[in-house]
Each structure stands twice: as C-alpha cells, then as structure tokens.
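Structure, as structure tokens:
Values quoted throughout were computed directly from the atomic coordinates according to the rules given, and no laboratory measurement underlies them. No experiment lies behind these values; they were computed from the predicted model shown. Please note: Cβ atoms are built from the backbone with ideal geometry, for glycine as well, and neighbour counts cover all protein chains shown.
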Amino acid sequence: MRTFEELIAEAEAVSVDGWDFSWLDGRATEERPSWGYQRLLSERLGTATAALDVQTGGGEVLAGALRLAGELGRAEPHGRRPAVVAATESWPPNLARATRLLNPLGAVVVADPDEPPLPFADEAFDLVSSRHPVRAWWTEIARVLRPGGSYFAQHVGPASVFELVEYFLGPQPQARAGRRPEVESAEAREAGLEVVDLRSERLRMEFRDIGAVVYFLRKVIWMVPGFTVAAHLDRLRELDARIRAEGPFVAHSARFLIEARKP
C-alpha cells in the first residue's frame, strides 16, 4: 500500500463533482439494496406521462433509468419515456453535470434551492422521484402530483455510515434519531398521500485505504460537516494505521424505499 501522504494527496486532488463513485472501485465497497432502485424507477418512468426527479445530483441515476426505460420500450415508436421529464438540483457543479447528462435524453434541469416551494404548477406530474434527498418536502410533493400519481424514492435511513461519522465527531445521539422510515411515512400520510410500499435495509460498507475515506467525506459533505484533511489529520493518521494493521474499516449504510400515492 502507498504511503499515508501519497493516499491523502491523491484523494484531495481528485474532483468530487457529480454523484458517480467509480473512483472508489477497488478501494471501497457498499452493498446495494435488494430492490434495485434504478430498475424499479425505469419501470415507473415507462408508464408515466410527466415525471420530476427532485434533488437529482449529477443526474446519473435518472439518466440510467431513462435509458433503461427506453430499452424496455424499444419496440414502441417513441420508447417508453415520459413526454415531459424535469429534474431539480441546487449545487452548481451538479447542475452543470446534470444538464450535460440529461438534456440529450429530453430532460430539463431546473436550479432549485431544495426548499419549498417547488417551481412547478399544481398537479403537474404523475411521477415524482428522488434518490437520497436531503429532505422530502411532503406537502410540496403532494401539491405537484396529479390525483393517482406517485412519489417513488430511495431515502437514506437512520444512523447511516455512523461508524465513520462518530469516529470523527464522537457520539451523535440526536442525529441517530433522525431519518426514520416510520416518521417519514407518517409525514407523507399527513400530507394526504397513501404509503403503498415501505422497505428498509442496512448494508455493509468497507473502506480499504485512507484515501477512500477522504474522498467519501469530501463528496458526501453532510457526513462530517466542514471536513478537511488539515482539521482531522491526527484521526486520519490513526485510522490509516488501523486499516493497515486490521484490514478495511467497516461501516453500514441505511436505505429505505418508499412509494406514496396521491388519491
């Protein structure tokens, strides 16, 4: 394995734009939820007429689902994509990336601060989707859905990757209590939606070198807010030594699938 300094320098220099984690191939692993979110999203896109993807990130997941929907409907004259596809994103680097990726697929990317209101008319969509939103604004989701339309999403669950978070920040009992599927499903019902599917899983993650840890924390900025190598250098050195002596650092992500329908 390369030196601590070499691994750190490499991980600090690489771009963290977008939501593609391929830089971690061979350096970190994460189990995927058994339900296969992108495939299920593509099936729903295949039957929708107007779709909105909220907090789309770099657009990678939506783009993959749109391509798959088109492949599933390749025997049809216009495939099986919705006539209208929109996506929202707040972070400028992701906005640019998502626009480049999604515009050729017929999707419009809209700059939005990820706070109410959504910049769309009432009952504009029959499908609203999101993968790992920072927060689901249920009243707004219900407002822009047509009667009979659905919100279909994969959310981050409680205490996700908290083995790594608490390694740097110490115990976080209040944060551990957030992002619970039962709470979010109750909020969806309060907004007038019917929850028709709710599944959750905890999934094993492994970080095989300290560069993978640095890259992950630079990219997923809410894990350790304000993370920099300089501010956490001692803990990074300790973790590097631990990985070299004991093997990969193990954590667990939490994910839940939720589908809610507007009556």
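A cut-off of 5 Å between modelled amide H atoms, ignoring neighbours fewer than 5 places along the same chain, links residue 108 with 85, 86, 87.
Just add up the charged neighbours of residue 147: K/R +1, D/E -1, any other residue whose Cβ is under 14 Å from the Cβ of residue 147. Net local charge, residue 147 excluded: 0. The modelled label-to-label distance between residue 244 and residue 231, using points 7 Å beyond Cα along the C-beta direction, is 2.6 nm.
The antiparallel fraction among DSSP beta bridges confined to the chain stands at about 55%. Here the spin labels are modelled as points 7 Å beyond Cα on the Cα-Cβ line, and at residue 1 and residue 221 they lie 2.9 nm apart. Exposure proxy shown here: for 99, 47, 56, the number of other Cβ atoms within 10 Å sets the order, fewest to most, as 47, 99, 56.
Can you give the net charge of the other residues whose Cβ lies under 12 Å from the Cβ of residue 13, counting K and R as +1 and D and E as -1? Net local charge, residue 13 excluded: -2.
Here r is the Cβ-Cβ distance between residue 122 and residue 35 and R0 is 30 Å; the resulting FRET efficiency, rounded to 0.05, is 0.50. Spatial offset of the stretch 96-121 relative to the stretch 1-25 amounts to 28 Å, using the alpha carbon center of each. Mean residue ellipticity at 222 nm, helices only, the chain: -10500 deg cm²/dmol; runs of at least 4 DSSP H residues each add -39,500 (n - 2.57), and the sum is divided by the number of residues. Cβ-Cβ distance of residue 100 and residue 180, R₀ of 41 Å, FRET efficiency by 1/(1 + (r/R0)^6): the value works out to about 0.70.
Run the numbers on the stretch 208-263 and let me know its relative contact order in percent, using alpha-carbon pairs under 8 Å that are six or more apart.
So the answer I get is 41 percent.
Neighbours of residue 91 by Cβ distance under 13 Å: Lys/Arg scored +1, Asp/Glu scored -1, total -2.
Amide H contacts for residue 123 (H built 1.01 Å from N in the peptide plane; partners 5 or more residues away or on another chain; cut-off under 5 Å): 144, 145.
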